[in-house]
Each structure stands twice: as structure tokens, then as C-alpha cells.
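Participant: Before anything else, here's the structure in question.
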Amino acid sequence: MTGCNRKLRHLASLLAVVSAALAACETAPKLQPAPIAEEAPVQPQLARERPRWPAAVTSVGDNGLNYLLIQGNPFELARVTLWVRAGIGRDRDSKPGLAELSARSLLVAARGLEPGSTLAEELHRLGARIDLRFEGEWVCFEASCQPQDTEKLARLLFGLVNQDAPSQDEIDLARAQVLSRYTTNFAELRRERAIERLLGEPGPNVALEQEAIKSYGSTEVRLFVGIHYRPNESYVVLQTPAALPGPEVLAKIPTIFAPWLKGQKLGDLALPEEVRPLGFVERDGKTTEVTAVLLSPTPAPLGSIAAQFVWQLFDRDGVAGLLRKRLDERGFREVMPITEDLDTGRHRIRTVRLEVDSERTTQLLDTLRAAFADLGVSDHGIAEFNRAKQRAWFLWDEVVVDSEERARAFARAKIYANVTDVDKRIQDELESMRDRTISRIATERFVPVFLVRGPLSARPRDAADLPVPKVTIATVLEESRIRPILGERAELQAIAKAGLERAAAVLGGRRSLQELSTMQWNATCEYQASIPIEEQWTIALPAGPRTRTRKILGSTVVTERKPGETVETFNRNRRVLSNAERAYFELESLTNPGALFALWAQKAHTLELEGRLEESGRSLLVYVLQLPTTKELRIGVDEENGLPRRMDTWAWRPNSVPQRVTWILGDYRGVGGLRLPHYAEKYVEGQIRGHQTITYPHADGVERSK
């Protein structure tokens, strides 16, 4: 009967909308019902009755712990879920990975109810389990068991958060579990972190995060648990069948958690850094991939589907909506958007990826911007409005078709917004939708950033007018680990030799490099928080003078390496560089792959294969140049085409440790018989600092020995 009533109400509301539309038209007598029915076909109704939400009761203990009891007949198992505001969204970039390490350390250190037993043994005896997951700033310990064991499960969860700090051995075991997950999912984690940074999450590089996790001990874990694991920042959610385990058992639960001491209320986290609305990654090929990245509009923890409804107006399965309309108007009829949702533990993210010929990159960016802008100002027709509403309803029903998932959604709604009836809220939400509501949601939730992957010729030059998220972060270089190449010594020597020969060939040939006597290049340097700098380099090969001339605000600073000393000259001032400065200047003079491989071809330096590195879809063979000063320079050569793509070195700083500097090389073009890079991005300790535009002065670009 309930299903019939809902269908009748739906039919009545549809007739009312159609009648209102007819009454508003001046030529209403000439309109026939049939075309309207064709324009707005009735969507097929679900065969089942809409899900009913279970009853729920909330309360707060004396120590500030929040309780939520959800009871319903469909439940077979009992669940006791502990939500603590100590998720990976709380560790920020200062202590990356500490939240996950702390949570897993608590699970390892927890004890059973019987003396001498462990948590794992107790769960096995009860036939129960505890799952760990992260949602933004929250960590969730979700335990399930037979209803008659609900009290025992609650005691186990209380012991989990009220125990002494884990020992160093227990932390080491938890650390091994965390690092194992990082090793297994390294590529996916890198991708998630890169997307998070586009949206304004200043998370660390995955490799640096791993190194940080290796350094944490009992002190860090003890402090994190002591600060964040507090009842007034936590929820206990009880999900049980209607009759079991009975009111007597449920009444004991607050008594079990009562000794948990109340702590200070934690403040919200600020995001102080600024971000660029456009990212670019160079890749080989004739096509460009443009990805719009935004917070996912899937049903939020609040239980709202307003954003999901607005998304249906924007893009409904790639074949309808404002995006499809704009693509068709601008000549992108053959382009099909690919939509993907990611759950990183910090955020739920949606990406829309499109691929076009590189020469149409700017046009596609403009089209995407126009589609997102249309979302807030377009007049959506009744037919389109109803189709989007039906689709949003259907997607929400898919989320909550399972009774246990429905209970989880209800718990989230209570935790995040104290909603009493999620289903009714959603129905009211859709019925109250108006253009101004759509416009507000579009301007608050649908503000994308863009990631462009393609050849350097497709790099967008001016991104000032692109939509800017409220919180943004500068580009960070994702660090991959150099992995050793396994094999016999002869096999490794063959791989190393083939890689070097391939690189020499693509740079112009080994003979051309051997004949190179002088290498010159100019670099226009644009660095963050710095004025533009012009540099001119002259390298006499193989062992002659090396000179760098810098022009800064009309002044000229010349640094020259001579036999026995390296001198810096500024106007009439002359300074001899220390041995440390001289060594780092030597490294910097080799950061052009033409000069480096010329020295290798002339047998002035040797390059030894260290391993393989996966980065930005490329496989790089990494070679090490070991200088007599013990300073190192690494160069990554593309295993597929032989082009040097990356160089890692160090920069000298007075009275401080040196900084790791990474150059990402691109835009290779012909110069006097050689092929040399014309563009390089500079990263310092993984953070972008700017770029260089490189030119070569002579008509030949280089001078050869006679």
C-alpha cells in the first residue's frame, strides 16, 4: 500500500507540474499533451518498496561520548562502531601517516577479555571481527558479532581506546602492516595524493610519507593517541535487531565507556597554503588528456543527494546534460567523458577525463569551463529537471538498498549533521529544488581544478581566468623509489650499456658528443618568490673552464672555475668559493644533459646504473655520476625513447644542510645536430620552485673541436 501511495503522489505531482507549465504558456490552447509526454517520459519505477529507515535514539554520556542506537528487524548481526576524530585528515603534512600507524598500533596492542589473551584470539573465540577504515578526519573501528555478544564486543572496543600506549615492539609490528600496504598500492597512493593536492590537501609525497612512518616511535604514537582519542570527540553507534540483545544489555553500554576520560575539544584544521587551479604533466604522444577534478557529488555523509542531482544536470552518463551539450556545440561530438570516483580516506573525489588532439587543448579547456559556468546560470527545462531527479533517486536507492549500508549512512548523517530522518530529508530536498538552489550548489561544490597531460606544445600558458578553488596548494613532485634491477652481472651490464648508448644516439650520436668542445646555453629562470634571472653557461670540454654569468636587476655576477680555484666576481668584488661551494657549482654545471653525456662520451666521467624508477607513466633507468668530491648527480633516462627526463642533484646553502634539487626536463629540439632540452622545471625537496626556458646561442648551438 505504501508503494501505491508513493506512485499516486508521484503521478499527481507530475500532472501538477505539466498543468502549471501549460497554464504559463500564452499559446496553451494550441499545445497537445502528446509532445509533452514525449519530451518528459515517465521513468520506470522501482519494483520494490522504498527502504524504510530504522528507528534511532541518541544520547550523550557524562564524559561527552555520543551514543546512537539503531534498531531494525532486517539486521541479523549486531554492530558496535566506534568513530573517533583521529583520522588521516588530522595528521596533516607535519606527521604524515601517524594517524594510520597509531590506529593500527592500538589494534595490535589491544588485549582480550580473558587474562593473557590477545584481541585477535578473543575475536576468533566470539566469531566476531573488527574492521578499520578512515573517513576524512575520522577513524572508524567497526565491530560485528552475534547479538548476544554485544556487551563483550563493546568491552573490547573500550579496551582498545583506553589501554596504555603501545610498546615499541607493537608499533614496529603495526608499522610493518602499514608499509606493506604502501608497497602494494604505491602507484595508486601516488595518484590519490596528486589529485588531493590539486584540490588543496597539502599532503606529502608518498615516498616521503613512507620514510616518515619509519621514523615514528612510541613517543609520537603516545602523543597522538593522548591528544586525539577522547570521548568528547567520538561516537559509539549500536546497530542491533529489534529484540536482541535486549534493553538490559544496551543499558550497560554507557557504563562500560564511562571511565574513558574526557579531553580537550579539538579545533578545526586550517589550510594555509595557496594553490594553482591548473596542473600540467608532460607526456609523449599527439593527444592531450584534460581532467577536471572536484569533490565528489555522490551522497555525502549528511545523506544529502542535492549535489548528486545537480551533477545529473551537468553530466548524465556522458550522453546528456550541459557538458554533453557544450561538447557537441564546440565540435567535440566524438569525445566521451570518462567519470571516476576516488575515496582517498581524506576526501571523496570525482574526476572527469577527456582526450583530444593536442592542438585543441585550449579549446577543450574553454569548453569545460563554459559547461561548469552554465551549471549555475542555465534555465533547466522541466523534462530535464525530472530526468535528473529520477536518476538521482535511483542512485540513492542503490546506495541504501542493503540494510547494513543504510544503517551506516544513517550513522554518518547523525554524526555529521544530527539528521532525524534521512529519507524524508532527501525527498524534501528534491521537492524544494529551484534554480537559485542549483546555482548555490554549483558555485560551492562544482568548482573544479584541471590537470592537463600532453606534449609541451599543449601546455596552457595563461591560467589566470580559470576557476580557483577556495583552498589550493602548489604543485608537489611525487617521489618514486629507485628499485634495483635484478639479474646476472653480465645482464645488468648489458642493460646499462644499452641505455647509455640509446641516450647518446637520441641526443645526436656518440661521435657528435665526442667532438663537442664547448657547450653554451642561456636560461631564463622564473622561480617562486623571486625576480626573473638570466643565466649564461659556457663549459669548455672536457676539463676546461666553466663559467656562469647571472644577470639580476641589471647587475652581473660571474662565477668561473679555474685550475685550482673557483672565483665569484660582482662588480669590483672578488671572492674565492669554499671547497663545498666549488663542489656544488661543479654539480650545477652538469645539469644540462648535453654537457653531461659529452663528458661521458669523452670518457671524462663514468655513469653507473643504479636502478629503475617509475614516474608519470614512464620507466626511467637511473644512472649515478660520482664526483671526486663525494657529491652525486643522478640522471633518469627514458627506457622507451632514450631521452634524459630527470636529474637529481644538491644545492649548497650557507651554514645549513644542502637541499635536494630535481630537474624535470622536456621540450627536446634539434640544435646544430644535437637534440637538447629547452624547458626544465625545478623542484627543491619535492616542492616546485619554478622553471627555466633554455636557448642555445650559436647558429649551430654548439662548438666542435677542429
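Participant: Find the residue count for the range 329-371, including only residues that are surrounded by 14 or more Cβ atoms within 10 Å (Cβ to Cβ), under 15 Å from THR288 (Cβ atoms) and of a type in the set (Val, Ile, Thr).
Facilitator: Residues meeting the conditions: 6.
Participant: Can you tell me which residue is modelled with the lowest pLDDT among those in the range 247-281 that are assigned to a loop (DSSP other than H, G, I, E, B) and in contact with a strand residue (DSSP E or B) (Cβ under 9 Å, 6 or more places away or on another chain)?
Facilitator: The qualifying residue modelled with the lowest pLDDT is VAL275.
Participant: Okay, next question. Kindly establish whether ARG406 is in a loop (DSSP other than H, G, I, E, B), in contact (Cβ under 8 Å) with a residue 60 or more places away in the chain and among the charged types (D, E, K, R).
Facilitator: No.
Participant: For VAL310, work out the one condition from (1) in a helix (DSSP H, G or I); (2) touching a Pro at 6+ places or on another chain (Cβ under 8 Å); (3) surrounded by fewer than 20 Cβ atoms within 10 Å (Cβ to Cβ) it doesn't fulfil.
Facilitator: Failed condition: (3).
Participant: Strands (runs of 3 or more DSSP E) wholly in the range 503-601 with at least 2 residues that are touching a Pro at 6+ places or on another chain (Cβ under 8 Å) and surrounded by 18 or more Cβ atoms within 10 Å (Cβ to Cβ) - which ones?
Facilitator: The strands (runs of 3 or more DSSP E) meeting that bar are 516-527.
Participant: Which of the following residues is touching a helix residue (DSSP H, G or I) at 6+ places or on another chain (Cβ under 6 Å) and aromatic (Phe, Trp, Tyr): PHE372, PHE309, PHE332?
Facilitator: PHE309
Participant: Within the range 602-623, which residues are more than 33 Å from the chain's Cα centre (by Cα) and assigned to a strand (DSSP E or B)?
Facilitator: GLU608 - this is the single residue of the range 602-623 that is more than 33 Å from the chain's Cα centre (by Cα) and assigned to a strand (DSSP E or B).
Participant: When the residues of the range 324-359 are narrowed to those that are hydrophobic (A, V, I, L, M, F, W, C) and modelled with pLDDT under 90, which ends up nearest to LEU313 (Cα to Cα)?
Facilitator: Once the filter is applied, the top-ranked residue is ILE349.
Participant: Condition first: in contact (Cβ under 8 Å) with a residue 60 or more places away in the chain and charged (D, E, K, R). Now tell me which residues in the range 100-132 satisfy that.
Facilitator: Listed by number, the residues that qualify are GLU100, ARG104.
The values are calculated or read from the model by the stated rules, or taken from the named source; none is laboratory data. All of these numbers come straight from a predicted model, not from anything done at the bench. Neighbour counts run over all protein chains shown; Cβ positions are idealised from the backbone, glycine included.
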